[in-house]
Amino acid sequence: MASAAEDLSALTTLELPAKATARRDVADLPALREALDVARAAGLPVIVLGEGSNVVFAGDVEALVLRYTATGRTVLAEDDESVTLRVAAGEHWHSLVAWCLEQGYHGFENLALIPGTVGAAPIQNIGAYGVELAPFVEAVHAVRIADGESLVLSRSDCAFGYRDSVFKGALRDAVVITAVDFRLQRTAAPVTDYPTLREALAGRAQAPGPRDVFDAVVALRRARLPDPATTPNAGSFFKNPVVDTATADELARRYPGMPQFEAPGGRKLAAGWLIEQCGWRGVEGEGVAVHPGHALVLVSHGGDGRALLALARRIQASVAETFGCHLEIEPRVYGVAA
Ligand code: EPU
């Protein structure tokens, strides 16, 4: 097998140094199928990337790194109440959100400024400020890596959960998402109950409209989260842990002021708060750091994936020791022995 030769550092927002055996960008379905044939013939596994904003390369990979870059937005159906769109996987997520706002297609406002592509969005069921992607998804179009067959998955086939979907489970590494169909509303119904968003929108004479929500979310993210363009990062490095209600009550008694949110199966704890309480906010070393503005985000200052994962493991150990809960790494990690 050929030795790893293609540099991957520019393909992910963490900019970690790593190499792959091969890489290809493909912009349409015939080129995608041809690239999958080449990988199969060479016996290479396929790693699919979008904008690489939720990916950690901890070392080199013996794989074909593939990006499906097709763009395009088509209105499939529209009436007074709703619109159904088909959006190609290579579209930039935030550009879609901004365009939908301009068109009067509502629902995505709280999901403004999330880095990444449309094709990546269903994989982790992107979510922010009280809204998740899942209820807007009508269908996900994909091509099976094993044989190039086209698949169409309904919303229920996608098995969406908190930062979770079938694409992280039964279909992990099995498909390339090529387009997503979304249904949005023609009448705005702003969702403003997430605490920091509610505070940001408080004190207005009129109820906030969709543009106000979009602007407030953009401002909140810019104030709190590092811009991957200037500070390499992959957003939240851990999922917020969900604990049962009895455990959550006991933790709230021991740690007054601990943020907790109702969630299926109990209550969601704020991993950023837990990490900050353990003293990690702003800690840096070996070219990696815990972001000083938000402890849930790990950043790179020229470090490598090994240093980043070592920092993550130290954080997991200290949160487990202090609070008794396990923090699960959220981005997809490649290039480490299983
Ligand atoms: N907090 C701290 N210290 C910190 C960070 C947070 O005390 O260093 C506290 C906050 O004050 C707040 C609570 O933790 O009381 C929750 O913080 P925040 O509102 O920032 O949200 P989060 O739970 O840390 C989640 C998502 C974010 C999303 C925000 C807003 C996950 C893993 N992360 O973060 O998503 O933008 O909610 O809805 O669910 C991402 O996935 O990359 C991401 C940025």
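Using heavy-atom solvent-accessible surface (probe 1.4 Å) with all chains present, what is the largest-first order of 222, 183?
Numbers: 222 165, 183 100 Å².
Output order, biggest surface exposure first: 222, 183.
Calculate how large, on average over all directions, the projected area of the Cα convex hull of the chain is; give the answer in nm² to one decimal. Write down the numbers at each step before the final one.
Values: hull surface 71.6 nm².
Hull-based average projected area comes out at 17.9 nm².
Under 17 Å Cα to Cα from residue 168, which aspartates and glutamates show up? Leave out anything in the same chain fewer than 8 places away.
Answer for residue 168, where 17 Å is the Cα cut-off: 132, 157, 328, 330, listed by chain and number.
Give the carbon-plus-sulfur fraction of the accessible surface of the stretch 73-185 in %, rounded to a whole number; probe 1.4 Å, heavy atoms of protein chains only. Present the calculation step by step, with values, prior to reporting the outcome.
On the way: 1980 of 4290 Å².
Heavy-atom surface of the stretch 73-185 belonging to carbon and sulfur, 1.4 Å probe: 46 percent.
For the stretch 1-120, how big is Rg over Rh, using alpha carbon atoms and the Kirkwood form of Rh?
That ratio equals 1.07.
On the accessible surface of the stretch 233-334, probed at 1.4 Å, how many percent belong to carbon and sulfur atoms?
Numbers: 2280 of 4660 Å².
Here carbon and sulfur together make up 49 percent of the probe-accessible area.
What GluC sites (Glu not before Pro) in the stretch 133-214 are in a loop by DSSP, with at most 15 other Cβ atoms within 10 Å of the Cβ?
Working: sites: 138, 149, 199; in loops: 149.
In loop regions of the stretch 133-214 (DSSP not H, G, I, E or B), the sparsely surrounded GluC sites (Glu not before Pro) are 149.
Kirkwood Rh and Cα-based Rg: tell me the resulting Rg over Rh for the stretch 103-178, rounded to two decimals.
Working: Rg = 12.7 Å, Rh = 13.0 Å.
Using only Cα positions, Rg/Rh for the stretch 103-178 is 0.98.
Which of the helices in the chain meet the span-like rule: DSSP H, Cα axial reach of 24 Å or more, Kyte-Doolittle mean at least 0.0? Please report the intermediate quantities before stating the final value.
On the way: long enough: 305-323 (26 Å, 0.50).
Taking the DSSP H segments of the chain (at least 24 Å long, mean hydropathy at least 0.0), we get 305-323.
Counting only heavy atoms of protein chains, what accessible area per residue, in Å², does the chain have with a probe of 1.4 Å? Walk me through the numbers on the way to the answer.
On the way: 15390 Å² over 338 residues.
On a per-residue basis, 46 Å².
What GluC sites (Glu not before Pro) in the stretch 98-136 are in a loop by DSSP, with at most 14 other Cβ atoms within 10 Å of the Cβ?
none
Given the whole protein assembly as supplied and a 1.4 Å probe, what does the accessible area of residue 247 come to in Å², nearest 10?
For residue 247, solvent-accessible area is about 60 Å².
List, largest first, the extents of the alpha carbons of the stretch 244-321 along their principal axes, each in whole Å.
42, 21, 20
Which of the trypsin sites (Lys or Arg not before Pro) found in the stretch 127-176 are in a DSSP loop and have at most 13 neighbouring Cβ atoms, other than their own, within 10 Å? Show your work: numbers first, answer last.
Details: sites: 144, 155, 163, 168, 172; in loops: 155, 163, 172.
Passing both the DSSP loop test and the Cβ count: 172.
The values are calculated or read from the model by the stated rules, or taken from the named source; none is laboratory data. Predicted model only: the values in this text are computed from it and were never measured. Neighbour counts run over all protein chains shown; Cβ positions are idealised from the backbone, glycine included. These area figures cover heavy atoms from the full protein model, side chains too; ligands, DNA and RNA do not enter into them. Shrake-Rupley method; radii C 1.70, N 1.55, O 1.52, S 1.80 Å.
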